[in-house]
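Just below is one structure, and these are the notes that go with it.
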Amino acid sequence: MTTRDDIELLFRTHYAAMYRLAMLILRDDDVARDIVHDVFEALLVSRRSDVSAPYLLTAVRNRCLKHVRSLSANDRLKEVYSVDEREIEDEEWPDDETIALIQKTVASDLTEACRRVVELRFSEGKSYQEIAEILGISKVAVYKHLRHAIDVLRKKLSQNG
């Protein structure tokens, strides 16, 4: 059984790494801190005895992913492109010009494999696992293709912004 003192020691020992992971995924200081604190709160309630660093990091990652899934599509776009809400009005962005630029960039600036991953993910709504199975690649490769596509799109959009 994990006591309050054990949890306090875990907090002092692992908080920084857990917070860094949450920030890497979410890029939002307040939400990252809340998620890490929620993990420790859950530990207090559950009184698990098998708590380790990998367990804590996995718990943070899972809570971050749950948070991202709970966001609306528009919120996800803002997160991906790190757009400040004051820069856009929800009803006007992405506008037709931006959508056309994204489609053109996907069609012309990405490799065929990368383009296929983007289409499966965003047009067909497939999960990483489903994309990996369809294309016969690993989930890590799916992630790398999507990360590359997002980097290319971010660069193209910032040049035309």
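Give me the distance between the Cα centres of the range 1-39 and the range 101-161, rounded to whole Å.
Rounded to whole Å, the Cα centres lie 31 Å apart.
Could you order S127, S49 so the one with the most accessible surface comes first? Probe is 1.4 Å.
S49, S127
Can you give the accessible area of F122 in Å² (nearest 10), computed on protein heavy atoms with a 1.4 Å probe?
About 130 Å², rounded to the nearest 10.
Straight distance only, please: which lysines reach the Cα of K104 with their own Cα at less than 21 Å, same-chain residues fewer than 8 apart left out?
Answer for K104, where 21 Å is the Cα cut-off: K78, K144, K155, K156, listed by chain and number.
The values are calculated or read from the model by the stated rules, or taken from the named source; none is laboratory data. Because the structure is a prediction, the values reported are computed rather than measured. Ligands, DNA and RNA are excluded from the accessible area calculation, which covers all protein heavy atoms including side chains. Shrake-Rupley method; radii C 1.70, N 1.55, O 1.52, S 1.80 Å.
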